[in-house]
Amino acid sequence: MRFTIMNTNPQHQLQRRFSKAVVYCACLLVTSAYARATSSVTVEYLEQAYQNQQFTSAYQQAEKLLIEQEGDPAFDRIFGLLAQAAEQCEKGVYALERSIQESPEDLAVRLALASCYFSLGNTKAAQQELRAAKTLPLNPADKLQLDKAIARIQSKESEAEGGWEHSLSVGAGYDNNPNNGIEDAVIDLPTLGQVLVFDESLATGSAGYSVSGQSRYTQAVNQLADWYVSAGLVATQYTDDNALSRADVRLAGGYQRRFDSLMSLTSAFYQPLWVDGEGYLSYFGIRQQLSVPVAKSLLAGGELTFAQLEYDAFSPLSRNQLAASAWLQHDVGNGSGKVTVSAASENADSDYEFNSRDLLSASLQFSQQLASDWDIITSLFAQQARHAGYHPVFGVTREDNLVILSAQLRYRYSQNWQVSAEFSWLNNSSNVAFYDYSRSKLWLRATYQF
C-alpha cells in the first residue's frame, strides 16, 4: 500500500506555487530567446555566409532551422549547398534533390549534387548530374572542366572495377649535351697523364625525337585494396651521329591497400636500359611506400627501396642500393607544393669499393593550375654524392654535386589529348674533370590517353 503525506502548511504551499511560477517564467524566457536567435538567421544571412566561405558555422545554424523550413525552395537550396561545402552530404543530398527538381537549370546546385553523389559512392548518379550540367549554357572552358570531372569519375570506376589505361606520346626538341659529355677534349689523369677523350664523351648538341607508351591494368580486391601491373617504353633518337640513342623498358607491379587513413603500396620493378642499341644497365628491386593525411590539405609520406644496379658492359660499376625518402605535400587552392628529402647508400663489390657511394638529396616541386585547361609544374632537385674510397685511376675520392631545374607547361586540348613544353637544366660539378658537365634540354610533347 502506498502512502502520501500531505503538507497542509499554508506558508509552505505558497512557496511551492511561487517556485513553479519562477521556473515557468525562466523556461518561457529561454524559449523566447531561442526563437529570436533562430528567427534572426535568414536565408539571406546563410547565403552571405556561404559567399564568405563560412561553411561550417553557417551549416550548423541552418541545421537548427531544418525542421521549421525544410521544403521551402530557397532554404533547401542554401542548406544543400552548405551541407556539401561542410562535407555533410548525407544530410544535404535530399535538400539538393528537391532543389534541382524546383530549378533544373541551377548549375551550382547540380554540381553540388554531383559532388555529394560521388562522395556517397553513387558514381553513376554523379556522372548523370555532370552530363546534365553540360547541357546548360556554358563557355567551352567550363564544359572542358566537366569533361575532366567525368573522366576522373570514370577512372575511379575503372580502378574499382578493374581495367586498362593506356597512353602514347611523341616528342621532339633540342638537347645541348645528350651524352653528359665534358667540354675539354684532353684531361689530365694522375696515373696516365694527358688523355684524349672520345667524341662520345664530349659535349655535343643535337636535335632529337622521342616516342613512349605505357599500359596499366588495375584490379580491385575489395573496397580497400587493389593490385596493378604496368609496362612502358621510352625511346629517344638524336640526329647527330655522336649523340647516343636510348631506350628503356619499365615493368612494374604492386599491391595497394588502405588502413583507415594510411595508404600502403608495395611494388616491384624492373627497368633495363639500352644505349646505342646495346644493353647498358638493368635496374630492379622492391619498394614500400606509405602516405597519410596529417591535416585537411596536408599529406605526408615516405618510401623505402631495395634495388640492384647491374651494368652489362662494365660489371665493376654494379651496386646494390638502399634508399629512403620522406616527403610532405601541401595543397593550396588550385596548386600544391611538395618537399622531399632522401638518403641512399650504394655498395659495389669489395674489389671495387671506390665505386660505392652515399647520396643525400632534397627536392622542391610546385604545381599550379593557371586556367581551366593550363597548368605548370616546376621543380628543383639537389644531390650530393660522395664515393667510398680513393679511385686508382683518378687519384682522388670522387665527390659530385648535382643540381637540376625543370619546368613543364601543359595544355589539355581535350579529354584525351594533352600537349606540353618541357625545359630542364642540370649541372654536375665534380672534383673529377671527366664527370664535370652541364646540360640543358627543350622538348615539345603530345600525349594521347585512353
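The values are calculated or read from the model by the stated rules, or taken from the named source; none is laboratory data. Because the structure is a prediction, the values reported are computed rather than measured. Counting neighbours? That spans all protein chains shown, and the Cβs are built from the backbone with ideal geometry, glycine included.
Things to note:
- Entry remark, segment 328-347: residues being at pLDDT 95 or above, touching a Phe, Trp or Tyr at 6+ places or on another chain (Cβ under 8 Å) and surrounded by 17 or more Cβ atoms within 10 Å (Cβ to Cβ) number 2 in total.
- Looking across segment 359-405, the residues that are among the hydroxyl-bearing types (S, T, Y) and either outside any strand (DSSP E or B) or over 20 Å from A326 (Cα atoms) (or both) come down to S372, Y390, T397.
- Of all residues in segment 270-325, those being acidic (D, E) and closer than 18 Å to L251 by Cα number 1.
- Filter result (closer than 17 Å to N428 by Cα and within 21 Å of the chain's Cα centre (by Cα)) within segment 356-381: S361, A362, S363, S379, L380, F381
- Failed item in (1) farther than 16 Å from G92 by Cα; (2) of a type in the set (A, V, I, L, M); (3) modelled with pLDDT of 90 or more, with L46 passing the rest: (1)
- Residue in segment 89-96 that is in a loop (DSSP other than H, G, I, E, B), farther than 22 Å from S155 by Cβ and modelled with pLDDT of 90 or more present: no
- Residue match in segment 78-96 (condition: surrounded by fewer than 18 Cβ atoms within 10 Å (Cβ to Cβ) and of a type in the set (A, V, I, L, M)): no
- Enumeration of residues in segment 406-443 that are hydroxyl-bearing (S, T, Y), within 30 Å of A149 (Cβ to Cβ) and part of a strand (DSSP E or B): S406, Y411, S420
- Residue count for segment 363-395, restricted to those that are among the aliphatic types (A, V, I, L, M) and over 17 Å from V332 (Cα atoms): 5
- Selection within segment 348-373 - touching a strand residue (DSSP E or B) at 6+ places or on another chain (Cβ under 8 Å), surrounded by fewer than 17 Cβ atoms within 10 Å (Cβ to Cβ) and either outside the structural domain of G395 (by TED's automatic domain parsing) or not acidic (D, E) (or both): L360, A362, L364, F366, Q368, Q369, L370
- All of L304, L244 fail the test of being touching a strand residue (DSSP E or B) at 6+ places or on another chain (Cβ under 6 Å), surrounded by 17 or more Cβ atoms within 10 Å (Cβ to Cβ) and among the aliphatic types (A, V, I, L, M), apart from L244.
- Residues that are part of a strand (DSSP E or B) and touching a Ser or Thr at 6+ places or on another chain (Cβ under 9 Å), drawn from segment 303-319: E303, L304, T305, Q308, L309, E310, Y311, R319
- Scanning segment 407-428 for residues that are out of contact with any helix residue (DSSP H, G or I) (no Cβ under 6 Å at 6 or more places or on another chain), modelled with pLDDT under 95, surrounded by fewer than 16 Cβ atoms within 10 Å (Cβ to Cβ) and not aromatic (F, W, Y) turns up S414, N416.
- Neighbours by Cβ (under 8 Å, 6+ apart or cross-chain): first from segment 121-139, crowded, with 16+ Cβ neighbours inside 10 Å; second among the polar types (S, T, N, Q): A126/S115; Q127/Q154
- Qualifying strands (runs of 3 or more DSSP E) (wholly inside segment 201-302; at least 1 residues being at pLDDT 95 or above, more than 30 Å from V170 (Cβ to Cβ) and hydroxyl-bearing (S, T, Y)): 246-259, 262-275, 278-295
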